[in-house]
1. Quick check, is Leu143 assigned to a helix (DSSP H, G or I), within 26 Å of Asp64 (Cα to Cα), open to solvent by 80 Å² or more (accessible area, probe 1.4 Å) and modelled with pLDDT under 95?
2. How about the range 63-88: which of its residues are outside any helix (DSSP H, G or I) and open to solvent by 10 Å² or more (accessible area, probe 1.4 Å)?
3. Going by the structure shown, is Leu263 in a loop (DSSP other than H, G, I, E, B) and open to solvent by 30 Å² or more (accessible area, probe 1.4 Å)?
4. Taking the range 219-246 on its own, how many of its residues are open to solvent by less than 30 Å² (accessible area, probe 1.4 Å) and over 12 Å from the mean Cα position of the chain (by Cα)?
5. Check off (1) modelled with pLDDT of 90 or more; (2) of a type in the set (Val, Ile, Thr); (3) open to solvent by 20 Å² or more (accessible area, probe 1.4 Å) for Ile164 and give me the number that stays unchecked.
6. Select from the range 19-36 the residues that are of a type in the set (A, V, I, L, M, F, W, C), closer than 25 Å to Pro168 by Cβ and open to solvent by 50 Å² or more (accessible area, probe 1.4 Å) and list them in ascending order.
7. Looking at the structure I just gave you, is Leu249 modelled with pLDDT of 90 or more, closer than 17 Å to Thr68 by Cβ, open to solvent by 20 Å² or more (accessible area, probe 1.4 Å) and over 15 Å from the mean Cα position of the chain (by Cα)?
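The values are calculated or read from the model by the stated rules, or taken from the named source; none is laboratory data. What you are looking at is a predicted structure, and each value in this text was computed from that prediction instead of being measured. No Cβ is skipped: glycine too gets one built from the backbone with ideal geometry, and neighbour counts run over all protein chains shown. Remember, those area values only see protein heavy atoms, side chains included, never the ligands or the DNA or RNA. Shrake-Rupley method; radii C 1.70, N 1.55, O 1.52, S 1.80 Å.
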Amino acid sequence: MINLPKHLRAHPVVVVCAGYYLLMALLVPGFFGVNNSWNLIYNYIPLLILATGQTFVILTAGIDLSVTSIIAVTSVLGGYMMSADFGFFDNEPAAVLAGISAMLMVGAFMGMINGISVAKLRMPAFMVTLTTMMFFSGLAIWLTRSQSIYNLPDLLVDAPYRNILGLPIPVYMGLLVFLLAFYLLNKTIIGEWIYATGTNIKTSWISGVNIPLTIVVVYVISGVCASMSSVIYTARLETGSPVMGQNILLDVIGAVIIGGTSLFGGKGKLQWTAA
C-alpha cells in the first residue's frame, strides 16, 4: 500500500487526477508530446485565472455564477474598441492598451455590482450572480446582434504565441495573477478577513472584520480575473464573441471544489485550486 503524505491524503481527488494524467501519458500516443503539452497549458492558464478569482468568492461562502458572462461582455467591449472595422484608434498599441484597460475596468465594475448586491442589499450570492449572469449574457448578445467582432490587431492576436525567455505571455499572466492572489490571501489583513468571513460571519463582525468591504473585494477580484481570462480567450480566438466562455462555468467551480475549497466557506487554499 502506498503511504502518501498527509496533505495528499487530504485531497484524494487531486491524486486521482494526477494518476489519470500519468496513465494517459503512458497509453495515448503523443499525449506527452510538445504540441499537446502546449495545448494543455493554453487551456489551463485562463481556467487557472478564473478559478483563482472564484476561490476568493467561495472562501467567503459565496459563489460567482456570472464569470462566464463577464468574459462575454468584456470580449465584446474589447473587440469593439480594438477592431479595425470601427477605427476608434489609429495605431495598434493604443487600441490594444485602451481595449485591455476597458476590459479590466468593466470586469471590476461588474464584480462590484455583484459584491454590493450581496454585501449591502443582503441578497443571496447564488440569486445575485445567476441574475447578473443572465443579464450580462443578454447584454453581450444585444450589443452584437449575435455577431462576432473580427479584424483585431495583430499585436493582440499574436501575443499568446510570443515567447519571453522560452515561455508564452499567457503563462506569465497566469503566474502573476496566482502569485498576487497568494500573497493577498496569505500575507495581508484582507486575506485574514476573507477566511474569517467564510468561517463565521457573525463572530467576524463582532471581532471588527469589515464584512461588506471584504465581500465587495472578493467579487471585484473575481470580475477582474474573468476579464483577464477574456483577454486571453479573445486574443487566442482572434474575435470578440458574445458567447465567449459560456461552457466553462462548471469547470471553474469544479476546479475550486475539487481542489478542496469548501462551499461553506472558510476552508481552502489557492495552491490546491491550481493543482
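1. Here the answer is no, as Leu143 does not meet what is asked.
2. Passing the criteria: Ile63, Leu65, Ala84, Asp85, Phe86, Gly87, Phe88.
3. Yes, satisfied.
4. Residues in the range 219-246 being open to solvent by less than 30 Å² (accessible area, probe 1.4 Å) and over 12 Å from the mean Cα position of the chain (by Cα): 7 in total.
5. (1)
6. Leu22, Val28, Phe32, Val34
7. So Leu249 fails the test.
Residues checked against (1) over 23 Å from the mean Cα position of the chain (by Cα); (2) part of a loop (DSSP other than H, G, I, E, B); (3) among the β-branched types (Val, Ile, Thr); (4) within 23 Å of Glu92 (Cα to Cα):
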position: Leu139; (1), (2), (3), (4): no, no, no, no
position: Leu156; (1), (2), (3), (4): no, no, no, yes
position: Gly174; (1), (2), (3), (4): no, no, no, no
position: Phe178; (1), (2), (3), (4): no, no, no, no
position: Ala181; (1), (2), (3), (4): no, no, no, no
position: Ile194; (1), (2), (3), (4): no, no, yes, no
position: Thr197; (1), (2), (3), (4): no, no, yes, no
position: Thr214; (1), (2), (3), (4): no, no, yes, no
